[in-house]
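Pasting in a structure now, in structure tokens, and then I'll have a few things to ask.
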Amino acid sequence: MTDKSEDLTVEIASLGPRGDGIAESERGRLYVADALPGERVRVRTGGKRGVGFVATLKEVVEPSPERADPPCRHFADCGGCSVQHLEDGAYGAWKYQLVAAALERVGFDPDVVAPLVRTEPAGRRRAEFSAFRPRASAARTFFGFHARASRHVVEIEDCLILHPDLMTLVAKLRTELAELVSPGARWDVSVTLAENGADALISANHAPGPDASLALAMFAEREDLARVSWKTGGEVEPVAMRRRPVLEVSGHPVDIPPGVFLQASAEAERALSQLVCDGAAGSNIADLYCGTGTFALPLAAGGANVMAVDGDGAAVEALARAAGTGGFGGQVRTEIRDLAKRPFTTAELKGFDTVVFDPPRAGAAAQAGELANSDVARVVAVSCNPATFARDARILADGGYALEQVTPIDQFVWSGHVELVGVFRR
Ligand SMILES: C[S@@+](CC[C@H](N)C(=O)[O-])C[C@H]1O[C@@H](n2cnc3c(N)ncnc32)[C@H](O)[C@@H]1O
């Protein structure tokens, strides 16, 4: 097949991990946004993607009985949600299947997957927005989410996944940033709802300049934001520091550093934390890729001695302070370490009853390799990527661990993302 675009009528065979309908046509594999399995659709083929091609939906010739009206009016344009056009039961089954299929591909029995834990929409306490002002002299700033597969910015008037307080702030930020972003500039704006006010981090490839700094500081004052920070080239500077933002992480107050990793919804965090605490056993626990302590804090509060390790020094320091505030600092040891380059070795793992690990999307193959040779009795693996989790689970199983249960959690409602917790035992 050439890159030349053409109109085709195809059958959608399955729904892929990004929420695209996948068709195997005689011209090659096609990825069709908004199309559902079982549908006959007319599409226009586009550019190459992976082993196939993107195709744009032109007409649903025969709709699926599972097709539903998307509840959000921005669904057609916004890149935030990819699957709102599927009836709710089928949507849950798709999410479940993303995990079951990944495990089956590497030889596990998919029955090891427990029912999907659903979370409510409107629960996101953190989101990343984009502010962009085109170069044209009269152009205004666009503020919102990225459009699908594009750098265009979609101005969302309301959003079903954001916490309502975050949505209220979006409208105010849009007005505020309208004049501040200079022509041609793009700012990435991350906003977190802390317990004591919002925490905003703006990332751009230039310094804010005195006018924007002053305006942002006044905005923080007027809207009672806890903090506004600015990030350029890896350096984070405070623009307005009215109070240190404090977030409850698994029920423990943590001073959160700007831009630190956080579970995006409190409800999903509670579910993950409960599953990890239930899966862990013994008094000596290592929490690798610990972040600010979603698992280390409740494990230590429950009486365990915890070794907490992460590559982000600010996160580890915040965790240690929170453990001290909670009165169980003596049970928590911390280390700042690059676990991809320097995983905990089999020798270092000696003496731990349980190892928890929660790596970024790339997974933790090197760490799983060390664990496979260890005598740690239990491993609890948390992941946001079923494919790398399955790969790491296979390494552990080949080292003698039995995969007892995997629980998928739908933290990012209506997206292709799924979290999971897997429990392994020797
Ligand atoms: C998915 S987050 C999990 C954090 C924490 N468990 C939580 O639930 O809040 C992944 C964590 O891995 C850390 N990380 C990423 N790459 C790393 C590396 N190479 N070595 C150590 N930590 C790393 C990040 O700083 C982040 O805290």
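The values are calculated or read from the model by the stated rules, or taken from the named source; none is laboratory data. Note that the structure is a prediction, hence the values are computed from the model and not measured. Virtual Cβ from ideal backbone geometry, glycine too; neighbours counted across all protein chains shown. What goes into the accessible areas is simple: the full protein's heavy atoms, side chains included, and nothing from ligands, DNA or RNA. Shrake-Rupley method; radii C 1.70, N 1.55, O 1.52, S 1.80 Å.
So ARG321 clears everything in (1) open to solvent by 70 Å² or more (accessible area, probe 1.4 Å); (2) within 14 Å of the ligand (Cβ to nearest atom) except one condition, right? Which one?
(2)
Of all strands (runs of 3 or more DSSP E) completely enclosed by the range 1-82, which ones contain at least 3 residues that are in contact (Cβ under 8 Å) with a residue 60 or more places away in the chain and either open to solvent by 50 Å² or more (accessible area, probe 1.4 Å) or not aromatic (Phe, Trp, Tyr) (or both)?
none
Also, I was wondering about something else. Filter the range 305-315 down to residues that are open to solvent by less than 30 Å² (accessible area, probe 1.4 Å) and either assigned to a strand (DSSP E or B) or more than 9 Å from the ligand (Cβ to nearest atom) (or both), then give me how many there are.
Counting residues in the range 305-315 that are open to solvent by less than 30 Å² (accessible area, probe 1.4 Å) and either assigned to a strand (DSSP E or B) or more than 9 Å from the ligand (Cβ to nearest atom) (or both) gives 6.
Among the residues of the range 159-192, write down those that are under 21 Å from the mean Cα position of the chain (by Cα) and either farther than 27 Å from ALA76 by Cα or open to solvent by 60 Å² or more (accessible area, probe 1.4 Å) (or both).
Across the range 159-192, the qualifying residues are LEU160, HIS163, PRO164, ASP165, ASP188.
Oh, and also: For the list (1) closer than 25 Å to ASP20 by Cβ; (2) surrounded by fewer than 18 Cβ atoms within 10 Å (Cβ to Cβ); (3) not hydroxyl-bearing (Ser, Thr, Tyr), I need the number of the one condition that ALA127 fails.
(2)
Could you give me the residue pairs with C-beta distances under 6 Å whose first residue belongs to the range 370-384 and is among the small types (Gly, Ala, Ser), whose second residue is modelled with pLDDT of 95 or more and in a strand (DSSP E or B) wherever it lies, and which are 6+ apart or on separate chains?
Short answer, once both residue conditions are applied: ALA381/PHE357; ALA381/GLY422; SER383/LEU420.
Residues that are in contact with a Phe, Trp or Tyr (Cβ under 9 Å, 6 or more places away or on another chain), at pLDDT 95 or above and more than 14 Å from the ligand (Cβ to nearest atom): find the strands (runs of 3 or more DSSP E) completely inside the range 329-426 holding 2 or more of those.
378-383, 402-410, 419-425
Would you be able to say whether some residue in the range 226-244 is under 30 Å from LEU173 (Cα atoms), aliphatic (A, V, I, L, M), touching a helix residue (DSSP H, G or I) at 6+ places or on another chain (Cβ under 7 Å) and crowded, with 23+ Cβ neighbours inside 10 Å?
For the range 226-244, residues under 30 Å from LEU173 (Cα atoms), aliphatic (A, V, I, L, M), touching a helix residue (DSSP H, G or I) at 6+ places or on another chain (Cβ under 7 Å) and crowded, with 23+ Cβ neighbours inside 10 Å: present.
Identify the single condition in (1) away from the ligand (no atom under 15 Å from the Cβ); (2) within 17 Å of GLY293 (Cβ to Cβ) that ILE256 does not satisfy, given that it satisfies every other one.
Exception for ILE256: condition (1).
Let me ask you something else. Within the range 286-301, does at least one residue satisfy the condition of being in the same structural domain as LEU403 (by TED's automatic domain parsing), open to solvent by 50 Å² or more (accessible area, probe 1.4 Å) and in contact (Cβ under 8 Å) with a residue 12 or more places away in the chain?
Looking for residues that are in the same structural domain as LEU403 (by TED's automatic domain parsing), open to solvent by 50 Å² or more (accessible area, probe 1.4 Å) and in contact (Cβ under 8 Å) with a residue 12 or more places away in the chain, one finds at least one in the range 286-301, hence yes.
What pairs come out if I take residues in the range 194-210 that are part of a loop (DSSP other than H, G, I, E, B) and pair them with residues that are of a type in the set (Phe, Trp, Tyr) whose C-beta lies under 7 Å away, six or more apart or interchain?
ALA204/TRP187; PRO208/TRP230
Looking at the range 287-304, which of its residues are of a type outside the set (Ser, Thr, Tyr) and either within 7 Å of the ligand (Cβ to nearest atom) or under 23 Å from the mean Cα position of the chain (by Cα) (or both)?
Listed by number, the residues that qualify are ASP287, LEU288, CYS290, GLY291, GLY293, PHE295, ALA296, LEU297, PRO298, LEU299.
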